[in-house]
Ligand code: ATP
Ligand code: MG
């Protein structure tokens with residue numbers, strides 16, 4: 001915050017207006033820590049660059065310059081309006097304007113359309129403060145118009161309902177129902193970001209109920225997965241736990257949500273969570289197979305009584321690399337050369353150690369191994 005204030009000082013000293021805007025103002029007024037601070041200014045991008053020695057052109061065609069100060073990057077955006085969302089995705093045109101109010105007018109919801117001077121005076125032309133007090137999500141201006149400009153805003157309304165526990169104002173909610181089908185035109189990457197934020201939110205059930213009741217979910221990929229009762233949805237959990245909930249309860253597999261283009265890491269973790277949720281028997285050995293994230297999700301979603309994370313932490317080893325022996329040791333103890341047998345025996349040792357049938361001690365493992373190995377050799 002202080003860094004943003006000093007940045008505003010510098011812009012003002014150069015003769016420009018500058019304010020903290022958007023989500024950061026909302027979060028500060030709610031007494032929450034803003035996730036990031038955005039600054040809006042009357043200075044044009046080139047003028048911003050002239051004031052600060054270190055900047056990066058992150059979105060200069062949209063008026064955004066990243067200013068690097070005091071070891072941090074703060075996005076500074078020239079006052080602007082947007083027009084012509086012919087593809088419901090991105091404004092066709094961005095026009096720089098001189099008035100802060102014009103810039104605030106293009107923002108999605110009144111609670112996101114306030115500005116703060118460096119002396120903490122709130123600039124609030126659309127009644128954001130009062131909507132914040134009344135816990136209401138209301139479109140700035142005509143809701144139909146705003147959702148037709150950019151259909152993603154409908155999903156953002158749902159996401160903010162989930163994050164803040166706010167109610168959508170009636171005209172805004174009605175407009176979402178009317179325009180729901182337009183969400184189909186929005187790029188899947190933008191939709192996925194909002195759904196992830198919704199799934200991990202504190203009041204996710206509230207947001208999800210709104211998502212379903214408004215009819216918006218019918219037009220999302222895998223829409224059928226949203227037709228359900230949300231009472232058991234795990235709130236305030238990682239987003240992937242929410243995705244797993246959706247798939248688990250509907251007996252669906254990962255393929256159903258492939259359209260959301262998960263990263264490879266996300267896909268692997270989601271598949272692992274699903275396998276854990278569907279794990280038929282929890283033993284030391286099965287617990288050992290899963291990451292902590294998958295175990296935590298399985299407990300929540302499958303209602304497992306056992307503290308799986310604790311069970312795992314009490315295992316003699318957490319992974320193969322914790323074993324007191326390696327493949328090299330086995331090679332040294334036998335006259336055998338490298339081959340698939342090495343991995344098989346290591347796996348065998350790993351299983352016995354995890355199950356507690358063999359201590360994770362080099363000498364004891366060696367004795368057990370040599371005994372078993374010679375038996376094995378003599379029996380063929
Ligand atoms: P978060 O805490 O998730 O960052 P945020 O409100 O800061 O929430 P951002 O996506 O970071 O959301 O956007 C910053 C600001 O830009 C918003 O507060 C809003 O004023 C404006 N904004 C963002 N996306 C849109 C949009 N699709 N249409 C209109 N205004 C938008
Ligand atoms: Mg933000």
Legend entry - residue 99 vs. criteria within 16 Å of ligand 2 (Cβ to nearest atom), without any contact (Cβ under 8 Å) to a residue 24 or more places away in the chain and surrounded by fewer than 18 Cβ atoms within 10 Å (Cβ to Cβ): no
Legend entry - Residue list for the range 164-200, filter: within 16 Å of ligand 2 (Cβ to nearest atom) and in contact with a helix residue (DSSP H, G or I) (Cβ under 7 Å, 6 or more places away or on another chain): 190, 194, 196, 197, 198, 200
Inset, instruction - Taking residue 40 as the residue in question, decide whether it is touching a strand residue (DSSP E or B) at 6+ places or on another chain (Cβ under 7 Å), part of a helix (DSSP H, G or I) and either closer than 30 Å to residue 183 by Cβ or at pLDDT below 95 (or both). - result: no
Legend entry - helices (runs of 4 or more DSSP H) within the range 271-377 that include 2 or more residues in contact (Cβ under 8 Å) with a residue 12 or more places away in the chain and farther than 30 Å from residue 242 by Cβ: 327-333, 340-355
Inset, instruction - Hand me the list of helices (runs of 4 or more DSSP H) wholly inside the range 145-239 holding 2 or more residues that are in contact with a strand residue (DSSP E or B) (Cβ under 8 Å, 6 or more places away or on another chain). - result: 152-164, 170-179
Legend entry - Which listed residue is within 16 Å of ligand 2 (Cβ to nearest atom) and under 23 Å from residue 96 (Cβ atoms), from 15, 59: 59
Legend entry - Yes/no for residue 108 being outside the structural domain of residue 189 (by TED's automatic domain parsing) and within 14 Å of residue 41 (Cα to Cα): no
Legend entry - Odd one out for residue 93 among (1) touching a strand residue (DSSP E or B) at 6+ places or on another chain (Cβ under 8 Å); (2) at pLDDT 95 or above; (3) away from ligand 1 (no atom under 14 Å from the Cβ): (2)
Legend entry - The one condition in (1) more than 25 Å from residue 279 (Cα to Cα); (2) touching a residue at least 24 places away in the same chain (Cβ under 8 Å); (3) within 16 Å of ligand 1 (Cβ to nearest atom) that residue 210 fails to fulfil: (3)
Inset, instruction - Please specify each residue of the range 102-128 satisfying the condition of being assigned to a loop (DSSP other than H, G, I, E, B) and within 15 Å of ligand 2 (Cβ to nearest atom). - result: 107, 108, 113, 114
Legend entry - Exclusive hit being in contact (Cβ under 8 Å) with a residue 60 or more places away in the chain, within 21 Å of residue 9 (Cα to Cα), surrounded by fewer than 18 Cβ atoms within 10 Å (Cβ to Cβ) and not assigned by TED's automatic domain parsing to the domain that holds residue 167, set 76, 122: 122
Legend entry - Exclusive hit being away from ligand 2 (no atom under 16 Å from the Cβ), crowded, with 16+ Cβ neighbours inside 10 Å and closer than 24 Å to residue 152 by Cβ, set 94, 48: 94
Inset, instruction - Determine if the range 33-43 includes at least one residue that is surrounded by fewer than 18 Cβ atoms within 10 Å (Cβ to Cβ) and touching a helix residue (DSSP H, G or I) at 6+ places or on another chain (Cβ under 6 Å). - result: yes
Inset, instruction - Determine if the range 151-163 includes at least one residue that is farther than 30 Å from residue 93 by Cα and within 16 Å of ligand 2 (Cβ to nearest atom). - result: yes
Inset, instruction - Determine whether the range 1-15 contains at least one residue that is outside any helix (DSSP H, G or I), in contact with a strand residue (DSSP E or B) (Cβ under 7 Å, 6 or more places away or on another chain) and either within 25 Å of residue 125 (Cα to Cα) or within 16 Å of ligand 1 (Cβ to nearest atom) (or both). - result: no
Inset, instruction - Check whether at least one residue in the range 152-167 is free of Cβ contacts under 8 Å to residues at least 40 places away in the same chain, within 11 Å of ligand 1 (Cβ to nearest atom), outside the structural domain of residue 39 (by TED's automatic domain parsing) and within 23 Å of residue 83 (Cα to Cα), and report yes or no. - result: no
Inset, instruction - Taking residue 145 as the residue in question, decide whether it is farther than 27 Å from residue 44 by Cα, more than 13 Å from ligand 1 (Cβ to nearest atom), surrounded by fewer than 20 Cβ atoms within 10 Å (Cβ to Cβ) and in the same structural domain as residue 214 (by TED's automatic domain parsing). - result: no
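The values are calculated or read from the model by the stated rules, or taken from the named source; none is laboratory data. Note that this is a predicted model, so its numbers are computed, not measured. Ideal geometry is used to build each Cβ from the backbone, glycine not excepted, and the neighbour counts take in all protein chains shown.
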